[in-house]
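The values are calculated or read from the model by the stated rules, or taken from the named source; none is laboratory data. Small disclaimer: the values here were computed from a predicted structure and weren't measured. All Cβ positions, glycine included, derive from the backbone under ideal geometry; neighbour counts span all protein chains shown.
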Amino acid sequence: MITRLKILYELQLVDDQLDELEELRGDLPHTVESLETKINDIKKNITEKEKEKKESLKKREENEEQVEKLQTNQKKFKAQLYQVRNNKEYDALTKEIDHTEDQIKKLDAENNALADLSKRLTDEIEEVRPQLNTLNEELKEKQADLKEIIKANEKEETKLKGHRKEIVDQTKKPDYAAYIRIRKAKKGKAVVTIRRSACSGCHNIVPSQRQLEIRRNNKLFFCEYCGRILVSPEIAEQSE
């Protein structure tokens with residue numbers, strides 16, 4: 001059991017060092033991720049607007065072709081007016097001419113609206129392009145800063161991660177599962193010791209009887225207040 005407790009405390013010590021290296025990066029990882037999200041959102045927005053512009057142009061071209069056909073038909077109907085033999089034929093042709101004229105007006109109105117839409121989309125795209133350029137430049141700078149920090153601590157981090165893997169390989173699965181669960185819940189600190197009769201994690205007093213039981217190093221104990229794994233000062237000293 002002593003070995004299990006030592007392994008857990010050693011794992012915590014290694015993770016503490018890895019956490020310190022992570023802290024050296026500050027907000028840079030979050031900043032880089034945030035910038036990448038913003039850039040991707042803007043790019044997606046531009047792509048959608050350009051697609052809408054393309055569809056608008058295609059629809060205008062189709063409408064223009066339809067207008068040309070309607071105008072050709074209209075000329076044909078007007079020419080036929082001079083050849084009618086009775087009022088019924090005249091009324092029928094006049095009705096076709098009026099209907100064709102309504103269709104042309106409707107298509108022209110739709111094309112005007114599509115042209116306005118296309119212009120608005122173009123303006124909106126051009127409006128965000130400078131912002132996209134600025135964000136890309138900022139991202140390059142932050143990525144360079146982050147890369148520099150990572151490179152400066154690369155050897156130490158690689159060494160610590162290798163050592164961590166060795167420790168994890170020695171850790172019993174239930175112990176490791178409990179460690180990870182508590183570490184996530186307590187933002188890093190899963191295994192703590194007793195200092196001045198108190199849990200060094202939450203600083204609540206550990207009853208004397210419980211301290212004696214913990215010093216026996218024969219089972220896992222959890223702080224009654226914060227839920228962290230408690231190890232004796234002896235285990236902590238040996239591991240450190």
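Only one of the listed residues (Gln66, Gln80) is modelled with pLDDT under 95, over 30 Å from Asp175 (Cα atoms) and of a type in the set (S, T, N, Q). That residue is Gln80. Given the criteria free of Cβ contacts under 8 Å to residues at least 12 places away in the same chain, of a type in the set (D, E, K, R) and over 19 Å from Glu20 (Cβ atoms), does Lys165 qualify? No, not satisfied.
Being out of contact with any helix residue (DSSP H, G or I) (no Cβ under 7 Å at 6 or more places or on another chain) and buried (at least 20 other Cβ atoms within 10 Å of the Cβ) is true of Val192. The residues on offer are Asp169, Asp145, Asp175, and the sole one that is assigned to a helix (DSSP H, G or I), closer than 18 Å to Ile235 by Cα and at pLDDT below 95 is Asp175. Scanning the range 71-91 for residues that are surrounded by 14 or more Cβ atoms within 10 Å (Cβ to Cβ) and part of a helix (DSSP H, G or I) yields Asn73, Gln74, Phe77, Lys78, Gln80. Looking across the range 184-215, the residues that are of a type in the set (D, E, K, R) and farther than 21 Å from Ile2 by Cα come down to Lys184, Lys186, Lys187, Arg196. With respect to the stated conditions, Ile125 is touching a Lys or Arg at 6+ places or on another chain (Cβ under 7 Å), assigned to a helix (DSSP H, G or I) and surrounded by 14 or more Cβ atoms within 10 Å (Cβ to Cβ). Restricting Lys105, Lys155 to those that are in a helix (DSSP H, G or I), at pLDDT 95 or above and either outside the structural domain of Glu61 (by TED's automatic domain parsing) or loosely packed, with under 12 Cβ neighbours inside 10 Å (or both) reduces the list to Lys105.
None of Glu110, Glu124, Glu96 is more than 24 Å from Thr31 (Cα to Cα), in the same structural domain as Glu33 (by TED's automatic domain parsing) and in contact with a Phe, Trp or Tyr (Cβ under 6 Å, 6 or more places away or on another chain) except Glu96.
Residues checked against (1) more than 30 Å from Leu57 (Cα to Cα); (2) among the aliphatic types (A, V, I, L, M); (3) under 30 Å from the mean Cα position of the chain (by Cα):
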{"position": "Ala79", "(1), (2), (3)": "yes, yes, no"}
{"position": "Lys88", "(1), (2), (3)": "yes, no, no"}
{"position": "Lys105", "(1), (2), (3)": "no, no, no"}
{"position": "Val128", "(1), (2), (3)": "no, yes, yes"}
{"position": "Asn133", "(1), (2), (3)": "no, no, yes"}
{"position": "Glu137", "(1), (2), (3)": "yes, no, yes"}
{"position": "Lys140", "(1), (2), (3)": "yes, no, yes"}
{"position": "Asn153", "(1), (2), (3)": "yes, no, yes"}
